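First up is the structure itself, then whatever we jot down about it.
Only the coordinates and a few stated rules stand behind these numbers; no lab work does. Computed from a prediction, not measured in an experiment: that's the story for all the values here. Using ideal geometry, Cβ is built from the backbone for each residue, glycine included, and neighbour counts are taken over all protein chains shown.
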Amino acid sequence: MIIKVLLLTVVILGIAFAGFAISILIKKNGRFPELHIGANKDLKKRGIACATSQDKMEQLKVNKTIHLKQLTIIDKEFESL
């Protein structure tokens, strides 16, 4: 019984992969679809970016402000000496 279910599963997965491969071959460009948010033109127009990219940009902003604050504190310490 388990062998029949396993064999049926393998056959169904094989048909699905074959269908996907055929659809890629038939398409004009013949490439896998781009699933990354950053590559989507419509989302770029709306100002929506990848969450990872947005997080990195925000972390850079925070690091710059912290760095500037640290510099001003150091400058004040040197002035007091």
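Descriptive notes on the structure:
- Spin-label model, Thr52 to Ile24: label points 7 Å out along the Cα-to-beta-carbon direction sit 2.0 nm apart.
- ³J(HN,Hα) computed for each position of segment 46-58 - Karplus, 6.51 cos²θ - 1.76 cosθ + 1.60, integer Hz, glycine/proline x: 7, x, 9, 10, 5, 4, 5, 5, 4, 5, 4, 5, 5
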